[in-house]
Every structure is written in C-alpha cells, then in structure tokens.
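*Asks:* Got a structure here, written out as structure tokens. Questions coming.
The values are calculated or read from the model by the stated rules, or taken from the named source; none is laboratory data. Keep in mind it's a predicted model, so treat the numbers as computed, not measured. Every residue, glycine among them, receives a Cβ derived from its backbone with ideal geometry; neighbour counts consider all protein chains shown.
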Amino acid sequence: MTMNIQGLSGSWERRRQLIVKLIRQEQPDIVGLQEVCHLRTLGLIGESQAVALAHMADYPFWHFVPAHRNQAKTIGQAILSRKSITAVEILTFARDPNDPKDTEDRVAVCVRIASGQGLDFCVTHLSLSRRARERSVRQLAIWLWQISNNPKILVGDLNDDPQSPTLRFLLQEASPSFADAWQIANRLESGFTFPSHQPKHRIDYILFSPPNAFEVEEIRTVGNVPSSGGIYPSDHLGLVALLRFKG
C-alpha cells in the first residue's frame, strides 16, 4: 500500500483516524507513506505521524526518514511493516540551487523485509521540478541495485504522469526496468490519484523490478470516500496492490 498523507493538511487528528481506519480495512503487509511529519508546533511537540500510525494500526515495525526541515516540522517518508525490517538504506537526492522548482530536500528510503525470497521495499517522493525528477530516477535505479540483488518494490508520489520522461525511463530505459502494477492489472482504467475529491492525474505508483519478479493479482485506489464532514484521508488517493512472487 502507498499513500501521500500530506503532512499537516487539514486537521491531523481527524485525518489520522481516517488513515488508520483505511489501513485497518485493507490490512496491507507493508505500507509506504510520503509527506510524513514530525511535528514541532500546534501543541503536538515531538509527535511523529509515523509512530502514531504504526501504533494505532498495529504495525510492529516501522521506519521514518526525514527529508525536508523547517521551523515547524520535519517532513519525510515512512514505512510500516508487519514483518521485521532487517536493513535500511537511504538515498538523498541532490538539489539544484539554480532550479526554482527544486526547492525541497528529497530522499528515497529502502528497507529489507524479512522474507524467504528476499525483498527490498522503497518509498520516495520526487521533486516538483521536471529536471530534478529525471535526474533523480536515474540515480535511484542505479542505487537500488547497488544495495542488493533482491527484487524491488518502488512506491510513492513521483509527481509525474505515465507518459513523462520520468516514467519512461523507469519502465523502458532502466536496466533492469520496472513494471507498473496498475498498467498490468488495469490497462484500460485511468488510475488517477490526485486530487482525491476529483482525481484527474496519475502521479502515485506501485512499481517493481525486475518485471518478471511478481504477479499482480490486484491493484486499486483507496481513500476516495470522505468522512461525514467531507474530509478525505489525504488529498491523494492511496493505492493497494496484491503482489505475489513468481516461481
């Protein structure tokens, strides 16, 4: 499962309840979260969204990696897992000070999940800058295979559409390339994830490499039903996929 939880968008307390309810309904083995905050203001000093979600949704293993910091909060990526995390690797993407859209620090975090077959699970949130995204995925594809030879699942908010150079590189040019779980299972459906109240863009993905590593039994969007007060869990829809090792 992957979801961009959008830090402090709206009321964190109300959104937290909705996210926990969603995770409990879906029961994913691994959850990738983007824009996760460690809060320093609003009376929530020291509260980590990753810790709160892990405890409330009953995930015994979790890891949070900060990316961007300001006086109010630290924002990063988090992973929740039902199986133990045996290793953590972090890739920090370099920023271009001359690029006006490359304004926030970005990271990818990859964890090794205790599994008989071996599995690396990576979550990232790419820049608003097209040039930075294209640069980052090239770095990311090399880095992931330097870590280990385990199959990879890459999830997150890539801030780009399926026809973009960013996705074209990952799906066609990287060696080994990645497969797009949504495209495999739901070829004719849009897969739009943003904004959650009226999705028009597909910018959130569940990818895996090598392309023959998994069978995609199912993938779908979640979080598209607001609360009675009209609040969505996030301004992005989440994705839930059922992947099975081949062989």
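*Asks:* Taking the stated definitions as given, is S209 farther than 18 Å from G32 by Cα, touching a residue at least 24 places away in the same chain (Cβ under 8 Å), out of contact with any Cys (no Cβ under 9 Å at 6 or more places or on another chain) and of a type in the set (S, T, Y)? Spell out how you get there, then give the answer.
*Replies:* Numbers: farther than 18 Å from G32 by Cα: no; touching a residue at least 24 places away in the same chain (Cβ under 8 Å): yes; out of contact with any Cys (no Cβ under 9 Å at 6 or more places or on another chain): yes; of a type in the set (S, T, Y): yes.
Answer is no for this residue.
*Asks:* Sticking with this one: Does the range 175-231 hold any residues that are surrounded by fewer than 21 Cβ atoms within 10 Å (Cβ to Cβ) and of a type in the set (S, T, Y), and which are they?
*Replies:* Listed by number, the residues that qualify are S175, S177, S190, S227, S228.
*Asks:* Tell me which residues, restricted to the range 140-158, are in a helix (DSSP H, G or I) and either in contact with a Lys or Arg (Cβ under 9 Å, 6 or more places away or on another chain) or of a type in the set (S, T, Y) (or both).
*Replies:* As a first pass, look at the range 140-158 and keep what is in a helix (DSSP H, G or I): 140-147.
Hits for the range 140-158 are L144, W145, I147.
*Asks:* If we scan the range 129-139, do we find a residue that is in a loop (DSSP other than H, G, I, E, B) and either modelled with pLDDT of 95 or more or within 14 Å of F208 (Cα to Cα) (or both)?
*Replies:* There is at least one residue in the range 129-139 that is in a loop (DSSP other than H, G, I, E, B) and either modelled with pLDDT of 95 or more or within 14 Å of F208 (Cα to Cα) (or both).
*Asks:* Among the numbered criteria (1) in a strand (DSSP E or B); (2) surrounded by fewer than 17 Cβ atoms within 10 Å (Cβ to Cβ); (3) under 18 Å from the mean Cα position of the chain (by Cα), which one does D161 miss?
*Replies:* Evaluating D161 over (1) in a strand (DSSP E or B); (2) surrounded by fewer than 17 Cβ atoms within 10 Å (Cβ to Cβ); (3) under 18 Å from the mean Cα position of the chain (by Cα) leaves (1) as the failure.
*Asks:* Out of A50, A87, A67, I need the residue that is within 15 Å of the chain's Cα centre (by Cα) and in a strand (DSSP E or B). Which one?
*Replies:* Numbers: A50 fails: in a strand (DSSP E or B); A87 fails: within 15 Å of the chain's Cα centre (by Cα).
One residue alone meets the criteria, A67.
*Asks:* Another question about this same structure. For the range 95-136, which positions are more than 14 Å from the chain's Cα centre (by Cα) and either in contact (Cβ under 8 Å) with a residue 40 or more places away in the chain or buried (at least 22 other Cβ atoms within 10 Å of the Cβ) (or both)?
*Replies:* Filtering the range 95-136 down to residues more than 14 Å from the chain's Cα centre (by Cα) leaves 95-105, 112-119, 128-136.
Passing the criteria: D102, I113, Q117, L119, A132, R133, R135, S136.
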